[in-house]
Amino acid sequence: MTGRGIVLLVLAGALLLAAPMIADRYVLSVLTTVLWFAYVGQAWNVMMGFSGLLSLGHALYVGLGAYASAALFVHFGIGPWAGMWVAMLAATAAGCFIGFLGFRFGVRGVHFALLTIAFAEVARIGFDHLHWFGGSGGFFIPVAGDAGNDLLNLRGSPELFYYVILALVLAALALSRGLLHSRLGYQWLAVREEPEAAEAVGVDLFRARIAAVAVSSALTALGGVFQAFYFNNLFPEQVFSMGRSIEIILPAIVGGIGTLIGPILGAFILTPLGELLTFLIEVTGFDLPGLKQLFYGVALVVIVVYRPDGVWPWLADRLGLVRRPGEDA
């Protein structure tokens, strides 16, 4: 990244840190939603962007993380920071099982994506009938109000949740950067670009892909933990839905698959536009079912046609935020 890019990144970070001091409650809720999608988009990016594994069922890992942590809290009084390890373990186990089935039996590309959708749908139907998790009627976490902040139990004001999800986004960004420049990261890139060549030079394709699935599913489950304690209610129809999976992957596609900043930028583009669309629907009374999904579809087509690499690579090049290949550091 160039000096200009670093300055802009620092300014953006400072603005995000100061946002709760200048934003009202509604704007803060929108920013929290933006950062949540930036986080889960980053988690999905590890699997697709770094390793080339298309998953269209990431709502599965969000749901497993959310339900596991919420159930531990409600039934046993175990706080989210302890419960998140169980949540991440459950999601990682599910992800590795799906990966094992896919990679061991040669299920790749679109067929692997369909496999991930199938498991998310199975989970949705299953949780609909698991009364210990509330079934189709929903699972609710007692609301403690926002009179006091309890970081240990993730109960408190919108500002608390905002700073928690901001910290998660920064941590995911740092982890993704570290992974991308590690031995494992280079293996992922090799597997993504030329799997046969990578295998020829000694890369274990199965282990590299399973590692990507494990990291991505665990990170996504942590996003599910946050969602459970932020919204305080879980419904299988929403948490495991195909629509939620699409919403998770869109920030990375719009911002730039395989880039570090792309999922964050994509979330800052899509979520506010979605909120604006919702506002216009309420104001005009023009309530057409599926309009928001239509908007996301149109946005995806526009990006694929005009910016197939995403907005961030184009923007970074136009503004001189990253160094071109061959330029001195």
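The values are calculated or read from the model by the stated rules, or taken from the named source; none is laboratory data. Quick caveat, the model's predicted, so the values are computed rather than measured. A quick note on method: Cβ atoms are made from the backbone with ideal geometry, for glycine too, and the neighbour counts reach across all protein chains shown. Ligands, DNA and RNA are excluded from the accessible area calculation, which covers all protein heavy atoms including side chains. Shrake-Rupley method; radii C 1.70, N 1.55, O 1.52, S 1.80 Å.
The table below lists the values:
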read-out	value
Total charge dipole magnitude, the chain, about the Cα centre, Cβ charges on Lys, Arg, Asp, Glu only, Debye to nearest 20	440 debye
Accessible surface ranking that places the most exposed of Ser241, Ser136, Ser69 first, with a 1.4 angstrom probe	Ser136, Ser241, Ser69
Carbon plus sulfur fraction of accessible area for the chain, probe 1.4 Å, in percent	69 percent
Whole-number percent relative contact order across the chain, with pairs defined as alpha carbons under 8 Å at least 6 apart	32 percent
Leading residue at positive end of dipole, the chain (Cβ point charges), from Gly13, Phe76, Val191	Val191
Dipole magnitude (debye, nearest 20) for the range 177-329, charges at Cβ of Lys, Arg, Asp, Glu	240 debye
Projected label distance in nm at Leu170 and Leu101, using a 7 Å step from Cα toward the beta-carbon	4.0 nm
J(HN,Hα) series, the range 213-219, from Karplus relation 6.51 cos²θ - 1.76 cosθ + 1.60, nearest Hz, glycine and proline x	5, 5, 5, 5, 5, 5, 5
Chymotrypsin sites (Phe, Trp or Tyr not before Pro) lying in DSSP loop within the range 75-177, provided at most 16 other Cβ fall within 10 Å	Phe105
Sites matching GluC sites (Glu not before Pro) across the range 173-239 that sit in DSSP coil, with at most 10 neighbouring C-beta atoms within 10 Å	none
Exposure of Ile257 as accessible area (Å², to 10), given a probe of 1.4 Å and all protein chains	70 Å²
At 1.567 mPa s and 4 °C, Stokes D of the range 107-158 from Kirkwood alpha-carbon radius, µm² per second	92 µm²/s
Between the range 291-323 and the range 42-113, the alpha-carbon center distance in angstrom	27 Å
Length released on extending from Ala14 to Val283, taking residue separation times 0.36 nm less the Cα-Cα span	93.5 nm
Paramagnetic reach from Arg108 in the range 39-55 [backbone N under 14 Å; point 7 Å along Cα→Cβ]	52-54
Among Leu151, Gly102, Asn233 - extreme Cα towards positive end, dipole of the chain, charges at beta-carbon	Gly102
Accessible surface, the chain, averaged per residue in Å² (probe 1.4 Å)	48 Å²
With DNA, RNA and ligands ignored, accessible area of Asp309 (1.4 Å probe; Å², nearest 10)	110 Å²
Integer Hz, Karplus 6.51/-1.76/1.60 couplings in order for the range 79-91, x for Gly and Pro	x, x, 6, 7, x, 5, 5, 5, 4, 5, 5, 4, 5
Test item: Cα-centred dipole of the range 1-146, Lys/Arg +1 and Asp/Glu -1 on Cβ, debye	380 debye
Length-normalised contact order for the range 146-304 - Cα pairs under 8 Å, 6+ apart - percent	12 percent
Distance (nanometres) between label positions extended 7 Å along Cα→Cβ at Asp150 and Glu194	5.7 nm
From phi via Karplus (6.51, -1.76, 1.60), per-residue ³J(HN,Hα) for the range 297-306 in Hz, x at Gly/Pro	x, 5, 4, 5, 5, 4, 5, 4, 6, 9
For the range 178-206 and the range 119-166, distance of Cα centres in Å	37 Å
